[in-house]
Amino acid sequence: MRVIEAFRESYGAEPHGVWHAPGRVNLIGEHTDYNDGFVLPFAVPWGVTAAVSPRGDGVVRLRSLQVDGPAVTVEDLDGAEGWMRYAVGVVWALREAGRPVRGADIVVDGDVPRGAGLSSSAALEVVIGLALDELYGLGLTRMEIALLAQKAENDFVGMPCGIMDQAASALCEEGKALFLDCRTLGTRNIPFDLAAQGLQLLIVNTGVHHELADGQYARRRRDCESAAERLGVDALRDVTDLAGALAKLSGDERKRVQHVVTENHRVEALIGLLRAGAVREIGALLNASHLSLRDQYEVSCPELDVAVEAAVRGGARGARMTGGGFGGSAIALVADDRVEAVRQAVTAAYAERGWAAPEIYPATPAPGARRLI
Ligand code: GAF
């Protein structure tokens, strides 16, 4: 295993163990997690693998096989830079929580496709959290690991994300999607077997990330919080009379509420269809989610819209952007015999606009974080 060889080469010893945590796609329930709402992600077969040993001092040494150069020694966690902040942020969060975590030697190897928006950062946080939990005998639950990973991202990296990505990486199961109530943190692993129905879920990786969009995520959060305050509810999850709420709001707040409230209903409706064995019928909900994210939440972009429209035109049963938006990936639910047509339709639509061809690959629900060795 590459990560073990690199560990030996960097630190002159065998790692105490090797762990893996996956990235995720979100089937539905977008921008609902920080509104105390519902999400339905599943783990993808790509993620971050980490070889880790504990250290008796407070030092963290880190190396990534995706970055040239030798291991970096971090003595002062605050001084860590770039990708390393996601990893040492977890050490910081554990110490903040009063956990007796000293140092660690770490080598990571990631295979989440670049620019895909499939949560490689959450995978990195969760794999470090799981490794340290086991190496230091902390006895944390999977949800506690996810919450510490989220705290690292919120308070150490400075990205105000919700809990979805970390929870998906820590708690998903093979062949299942994870229903998560982001208020109660209750979860249910729901069978999501597409192959049995002659279906595939294609990921269309636009490969773009619109830099101008940075800061938009935090702005959307603020829109939601100010709307909740105006409506006198703790979170938008609590809006029960949508028409009444919309009548009290205007502008961006009105649009954001329209999205969040209807998106929560779409998650529940989709779960109802899965329970009824009607996975072929979920396409309309995916399409509606995309339109709502595009027009009400305003987090899509031309590359995502073209991918979704072309996929549907090519015969997908439904398609939508997935994740935070402004680039990353779209997903398309496609019958086996339409996969080639959808692939061609999306590729042609990109070529017409002079855009680089997007990568398109099927995703099946993979297992969540686990120890490999
Ligand atoms: C990003 C965030 F990290 C998640 O918490 C979630 O809000 C998502 O965007 C949108 O649904 O992935």
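Yes or no, residue by residue, for (1) surrounded by fewer than 24 Cβ atoms within 10 Å (Cβ to Cβ); (2) not polar (S, T, N, Q):
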{"site": "Pro22", "(1), (2)": "no, yes"}
{"site": "Leu40", "(1), (2)": "no, yes"}
{"site": "Ser53", "(1), (2)": "yes, no"}
{"site": "Gly58", "(1), (2)": "yes, yes"}
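Does Ala6 satisfy the condition of being in contact (Cβ under 8 Å) with a residue 40 or more places away in the chain, away from the ligand (no atom under 16 Å from the Cβ), among the small types (Gly, Ala, Ser) and under 30 Å from Met321 (Cβ atoms)?
Here the answer is no, as Ala6 does not meet what is asked.
Taking the conditions exactly as written (farther than 25 Å from Cys172 by Cα and of a type outside the set (A, V, I, L, M)), does Gly69 satisfy them or not?
Yes.
When you look at Ile106, is it out of contact with any His (no Cβ under 9 Å at 6 or more places or on another chain), of a type in the set (A, V, I, L, M, F, W, C), touching a residue at least 12 places away in the same chain (Cβ under 8 Å) and assigned to a helix (DSSP H, G or I), yes or no?
Judged against the criteria, Ile106 is not a match.
Which condition breaks for Thr364 when tested against (1) in contact with a helix residue (DSSP H, G or I) (Cβ under 7 Å, 6 or more places away or on another chain); (2) part of a loop (DSSP other than H, G, I, E, B); (3) on the phi < 0 side of the Ramachandran plot?
Going through (1) in contact with a helix residue (DSSP H, G or I) (Cβ under 7 Å, 6 or more places away or on another chain); (2) part of a loop (DSSP other than H, G, I, E, B); (3) on the phi < 0 side of the Ramachandran plot one by one, Thr364 breaks only (1).
Which of the residues belonging to region 269-279 are in contact (Cβ under 8 Å) with a residue 40 or more places away in the chain and surrounded by 15 or more Cβ atoms within 10 Å (Cβ to Cβ)?
Selection gives Leu270, Ile271, Leu274, Val279.
Being buried (at least 16 other Cβ atoms within 10 Å of the Cβ) and among the polar types (S, T, N, Q) is the filter; apply it to region 190-215 and report the residue that is farthest from the chain's Cα centre (by Cα).
Restricting to residues being buried (at least 16 other Cβ atoms within 10 Å of the Cβ) and among the polar types (S, T, N, Q), the top hit is Gln200.
Please tell me if Arg183 is without any contact (Cβ under 8 Å) to a residue 40 or more places away in the chain, basic (Lys, Arg) and within 30 Å of Thr141 (Cβ to Cβ).
In short, no.
State which residue is farthest from His20 (Cα to Cα) when the search covers only region 114-162 and only residues that are crowded, with 24+ Cβ neighbours inside 10 Å and among the β-branched types (Val, Ile, Thr).
Ile145
Computed from the coordinates by the stated procedures, all read-outs in this text should not be read as laboratory data. Quick caveat: nothing in here was measured; it's all calculated off a predicted structure. Methodologically, a virtual Cβ is constructed for each residue, glycine included, from the backbone with ideal geometry; neighbour enumeration extends over all protein chains shown.
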